[in-house]
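Each reported figure results from applying straightforward, stated rules to the coordinates on display, with no laboratory input. Computed from a predicted structure; not experimentally measured. All Cβ positions, even for glycine, are placed from backbone atoms using ideal geometry, and neighbour counts span all protein chains on display.
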Amino acid sequence: MPPDRSLDARLAPRLAQLKAQDRYRTRRVISGGHGVHAVVDGRKLLNFCSNDYLGLATHPKVLAAAQAALGEGCGSTASPLLGGHNRHHRALEDALASATGYPRALLFTSGWAANLGVLRALLGRNDVLIADELNHASLIDGGRLSGAHYRRVAHADLAGFAAALAAAPHPAQRLVVTDSVFSMDGDLAPLTELRALTRHAGASLMVDDAHGFGVLGAHGGGIVEHLDMGDLRPEIYVATLGKSLGSAGAFVAGSETLIEYLVQRARSWVFSTAPPPALSAAALAALQIVQGEPERRRHLHALIARFRARAAEAGLPLMPSLTPIQPLVIGRDADALAASARLMEAGYWVAAIRPPTVPEGTARLRITLSAAHGTAEVDGLVHALRDAVRVPAEVAV
Ligand SMILES: *Cc1c(COP(=O)(O)O)cnc(C)c1O
């Protein structure tokens, strides 16, 4: 019989290998609402792995805004330049620009589309992209797609960024790009210092504030407000609407010229159907809560401080994060999976994150806190973590 050359025959061994390496991924089905009390595969769990940091995905005002806009239609029916740009989109763009302190903002269907669209539009083969090694996958792929020279710098290494800027050929356009809050570590980029470096070198700076917008800053304006950057803010600001705003989509904020250029050239924007207007109406309602109810942020930051204090008492080695992302590095993939499974038995949903999402040997529990959690729930989690993160059996012997 001739060898089986079908697609499935080629893929099956790769799947088997992932399983053998504890790298196989599966999904869980959520039913009955997706707040902090989630029904997961039929079991009621306390959710500590969502990015809904302010609890807005299920907020009545957000849902009401979406429902009201839905009365006008579901899909946007076309790409933005072909008639898909709706009054709900425009109102949200205007509000996002003023919330972030930039002249204009442009909506994309997702953070992934925004990062690909911006990098591909701005950079070409003669340009240089200088990127933190822990940046989000969409920034890595966007950089590759652009064809620019890709310089990967060690995490938050200012000397490394300075050297990469100095080494780049001068007439070339140089763009430094970084996450603001690193999605698997929770720490902050040294953005003020990077801005000084790029200004000095005549280069540009782009920040992806997916996990900072709504959470950081007195009014939830994100990393730029948190660091009080004022006129020294990055030229290109990206944030998503699917995390602390509890909706979906993303936006790029910047100068009039930048946004007009993206309208002409960002392919993931030009050639993609505009987001459903109801999602923009929901995001606008969420933004109003972000700005009008600072107590949500205060409660969240109090929970973060409480979680860290309790975890320290319990001897749990957290990373130096002051954001809702509080990872607990376990090490081996199998141990992280086992800890996550034990937590689930105890009624807590905490995701295990494995390579290649994080570096080899640093599999971890990625705990995310939300303003929708209560203090007793956070205390309960610490208790459950202490039991779940046991020393691996073979080490304990
Ligand atoms: C989630 C995320 C994205 C992608 O945004 P989506 O809207 O989910 O596509 C981009 N960058 C960072 C840092 C993220 O965490």
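With all distinct Cα pairs included, what does the Kirkwood hydrodynamic radius of the range 43-112 come out to in Å, to one decimal, could you say? Display every interim value, and only then the final one.
Working: mean 1/r = 0.0679 Å⁻¹.
The answer is 14.7 Å.
So, in Å, what gap is there between the alpha-carbon centers of the range 29-51 and the range 344-362?
17
How far apart, in nm, are two points set 7 Å out from the Cα along the Cα-to-Cβ line at HIS383 and at THR192?
The answer from the label model is 4.1 nm.
Note down the nm distance, to one decimal, between modelled labels 7 Å out along Cα→Cβ at ALA163 and at SER255.
With each label placed 7 Å out from Cα toward Cβ, I get 3.2 nm.
Any idea what % of Cα-Cα pairs in the range 61-292 are farther than 33 Å?
That tail contains 14 percent of the Cα-Cα pairs.
At a 10 Å Cβ-Cβ cut-off, how would you order LEU194, LEU337, fewest neighbours first?
LEU337, LEU194
Ranked by Cβ crowding within 10 angstrom, fewest neighbours first, how are GLU260, GLU93 ordered?
GLU260, GLU93
Between SER98 and GLN291, what is 0.36 nm times their sequence separation minus the Cα-Cα distance? Round to one decimal in nm.
68.4 nm
Simple spin-label model, 7 Å along Cα-to-Cβ: TYR150 to ALA78 in nm?
3.6
Between the alpha-carbon centers of the range 56-88 and the range 167-192, tell me the distance in whole angstrom.
Distance between centres, Cα-based: 33 Å.
Roughly what % antiparallel, to the nearest 5, for the DSSP beta bridges in the chain? Don't jump to the answer; show the numbers that get you there.
On the way: 26 of 45 bridges.
The antiparallel proportion sits near 60 percent.
Please arrange MET206, MET229, MET184 by counting, for each residue, the other beta carbons lying within 10 Å of its beta carbon, fewest first.
Starting with the residue having the fewest Cβ neighbours, the order is MET229, MET184, MET206.
Please state the equivalent ellipsoid semi-axes for the chain: what are the square roots of 5 times the Cα gyration tensor eigenvalues, largest first, in whole Å? Please report the intermediate quantities before stating the final value.
Details: eigenvalues 215, 146, 115 Å².
Here the semi-axes work out to 33, 27, 24 Å.
What is the extension gain from PHE271 to GLU313, computed as 0.36 nm multiplied by their sequence separation minus the C-alpha to C-alpha distance, in nm to one decimal?
9.9 nm
Just subtract the alpha-carbon distance of LEU11 and THR26 from 0.36 nm times their residue separation and send over the number in nm, one decimal.
Extra length available between LEU11 and THR26 comes to 3.7 nm.
Output ³J(HN,Hα) for the range 176-190: one whole-Hz value per residue in order, computed from phi by the Karplus curve 6.51 cos²θ - 1.76 cosθ + 1.60 with θ = phi - 60°, and x for Gly and Pro.
9, 10, 8, 5, 8, 9, 6, 5, 10, 10, x, 7, 9, 6, x
Comparing GLY55, GLY71, GLY101, which has the greatest mean-square fluctuation in the GNM of the chain with Cα pairs linked when under 10 Å apart?
Highest fluctuation among the options: GLY71.
If you count, for each residue, the other Cβ atoms within 10 Å and average over each peptide, how do 129-142, 30-43, 109-122 line up from highest to lowest?
Numbers: 129-142: 21.5, 30-43: 13.9, 109-122: 23.9.
Highest to lowest by the protection proxy: 109-122, 129-142, 30-43.
Along each of its three principal axes, how wide is the spread of alpha-carbon positions in the range 263-356, in whole angstrom units, largest first?
The Cα atoms of the range 263-356 stretch 52, 36, 26 Å along the principal axes, largest first.
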